[in-house]
Structure formats: structure tokens, C-alpha cells
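Here the structure comes first, spelled out in C-alpha cells, and everything after it is commentary.
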Amino acid sequence: GQNIDQPTEMTATEGAIVQINCTYQTSGFNGLFWYQQHAGEAPTFLSYNVLDGLEEKGRFSSFLSRSKGYSYLLLKELQMKDSASYLCAALYAGNMLTFGGGTRLMVKP
Amino acid sequence: GAVVSQHPSWVICKSGTSVKIECRSLDFQATTMFWYRQFPKQSLMLMATSNEGSKATYEQGVEKDKFLINHASLTLSTLTVTSAHPEDSSFYICSARSEDRGFEQYFGPGTRLTVT
């Protein structure tokens, strides 16, 4: 299988910056998604990286290094509503999306 | 655009009965639909992939006779949990993808199944 690894839990303070890392197997890799999921809800799309580099979208940015099999999601100016699970998902040949275990982020006042 | 709905949003059924969950793409034609299961505090686990008009492809360990998937049209897929047991209680999420829209999967709101 294609192991997708990300930390299980993280805690950060409101207004701060947090980086959530994700590593994946590079064989057959096509692209990397990040999703946000609040408890009891379906995942919502945050970003999709295909090429190396940083893509910024408001308070959220996503980085990809294809050669290293590494990505991160950067959240700036954290708000309480950012408390959620963040799912890293890698797209592989055959258009199969494989999810990591998710990182539960808790934002504290 | 790219809205996916699921019905019902939650359901409680008795052990041994069957439950059908619908997944619809409301504003696009979904060439492929995916069914996931998610247990509390765990990530999404792909159960099966279905293409319109063909049989679903099940992931290893998923019983195709227990989880019946039908993808009869480009906007509708159904998952039927047959002879449900308490261990089938979970959050079931569908997603849909259109070749016209690239690789992104659009997720439905999920269905919480509780088997008593």
C-alpha cells in the first residue's frame, strides 16, 4: 500500500501559525490533496498540489516536494474554528486517492 | 458547482435488516463514485469504487455481498448494507468525480448509520 503518514494530534494557540506535515510513498504518485474535516461532517477541499513548491490560499498554504515525498499544510492566524481534523490524501496512478490517518488540530485561546 | 448529496443523513436500524444509502451528484455528471467508511477518530477507509454502468471494485476486506453498490446513472449511486450488524455502525461518506473536472473528489455530507 501507499503509506501516508501524518501526526495524530497537534495543539496550537489562537493567532499562531501551525504546520502539519505529511509524508507519502512516491511510486506512482500524481498529486497531493489536503482536506479539512469537522467532527461528524464530510471532508471539505483545501488544496491540491501537483508541482513542487508552495501554494498560498488566504490563511492556508500547502507545500509539496515530490522528490522527498513530503507535503505540509500551513495555517496562519489560527482561529478557534480551525479546530478540526486535517486529512492528507495522495493521488496515485489509476486515480486512486489514499488518505492518511488525519491530524486532529486543537486551537486553544 | 460540484455538489454531492447523501440520503439519509442518519439512520438507525435493527440488527439483521438492510439499509440503503443514496449518493447523488446534483450539478455534474459523476463518471466515478467512491464509498468510504469512517470509524470515530479514524480516517476515511475506501470501501469501493464504482463507474457508471459497471460493477463496483471493492477494496480488500470489504464483502461485496454485504455492501451492495449500484451506480445506475451518472448522478446516482447507492450503497445497501445488507443484514446489518452493530459492528457496521459507522459514518459512510460518498464522493464523486467527473473526468471533466479533473482529479478532485467532491464529498457528500455523510450518513451516520447506527445498528441496534
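Structure above, values below:
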{"read-out": "Nearest-10 value in Å² for the accessible area of B:THR116, using the 1.4 Å probe", "value": "90 Å²"}
{"read-out": "Selection of GluC sites (Glu not before Pro), the range B:20-95, meeting DSSP coil and at most 12 other Cβ within 10 Å", "value": "B:GLU63"}
{"read-out": "Taking the range A:42-96 and dividing mean pair separation by its residue count, relative contact order in percent (alpha carbons under 8 Å, at least six apart)", "value": "21 percent"}
{"read-out": "Residue-normalised accessible area of the protein assembly as shown, given per residue in Å² at a 1.4 Å probe", "value": "48 Å²"}
{"read-out": "Most mobile listed residue (B:PHE67, B:PHE34, B:PHE103) in chain B, GNM with C-alpha springs under 10 Å", "value": "B:PHE103"}
{"read-out": "B:GLU99 versus A:LYS76: modelled label distance in nm, points set 7 Å from Cα along the beta carbon direction", "value": "4.0 nm"}
{"read-out": "Where A:PHE60, B:PHE39 fall by accessible area, highest first, once all protein chains stay in place (1.4 Å)", "value": "B:PHE39, A:PHE60"}
{"read-out": "Label zone at B:LYS41, where the point sits 7 Å out along the Cα-to-Cβ direction: the range A:1-40 residues whose backbone N lies under 20 Å", "value": "A:5-12, A:37-40"}
{"read-out": "Euclidean distance of C-alpha centroids, the range B:69-116 and the range B:1-36, integer Å", "value": "4 Å"}
{"read-out": "Inter-chain shielding of A:32-41 (mean C-beta neighbours from other protein chains, 10 Å cut-off)", "value": "3"}
{"read-out": "Shielding of B:105-115 by partner chains, average beta-carbon count, 10 Å", "value": "3"}
{"read-out": "Interface area, B with A, accessible, probe 1.4 Å, both sides summed, Å² nearest 100", "value": "1400 Å²"}
{"read-out": "Reachable lysines, given that their alpha-carbon falls under 20 Å from the alpha-carbon of A:LYS76 and they are not under 8 places away in the same chain", "value": "A:LYS57, A:LYS108"}
{"read-out": "Mean separation of Cα contacts under 8 Å (6+ apart) over length of chain A, as relative contact order %", "value": "38 percent"}
{"read-out": "Inter-chain shielding of B:96-103 (mean C-beta neighbours from other protein chains, 10 Å cut-off)", "value": "2"}
{"read-out": "Accessible surface, 1.4 Å probe, highest first, among residues B:HIS7, A:HIS38, B:HIS71", "value": "B:HIS7, A:HIS38, B:HIS71"}
{"read-out": "Where trypsin sites (Lys or Arg not before Pro) fall in DSSP loop in the range B:9-98, at most 16 other Cβ within 10 Å", "value": "B:LYS14, B:LYS41, B:LYS55, B:LYS64, B:LYS66"}
{"read-out": "Length-normalised contact order of chain B in % [C-alpha pairs under 8 Å, at least 6 apart]", "value": "37 percent"}
{"read-out": "Carbon plus sulfur fraction of accessible area for the protein assembly as shown, probe 1.4 Å, in percent", "value": "50 percent"}
{"read-out": "Cys residues of chain B counted as unpaired, since no other Cys beta-carbon is under 4.7 Å", "value": "B:CYS13"}
{"read-out": "Heavy atoms of A:TYR70: accessible area, 1.4 Å probe, square angstrom to 10", "value": "60 Å²"}
{"read-out": "The range A:1-47 versus the range A:49-109: alpha-carbon centroid distance in Å", "value": "4 Å"}
{"read-out": "Solvent-accessible area of B:ASP27 with every protein chain in place, 1.4 Å probe, in Å² to the nearest 10", "value": "70 Å²"}
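The values are calculated or read from the model by the stated rules, or taken from the named source; none is laboratory data. Just so it is clear, the model here is predicted, and its values are computed rather than measured. A quick note on method: Cβ atoms are made from the backbone with ideal geometry, for glycine too, and the neighbour counts reach across all protein chains shown. Keep in mind that these areas ignore ligands, DNA and RNA; they rest on the heavy atoms of the full protein, side chains included. Shrake-Rupley method; radii C 1.70, N 1.55, O 1.52, S 1.80 Å.
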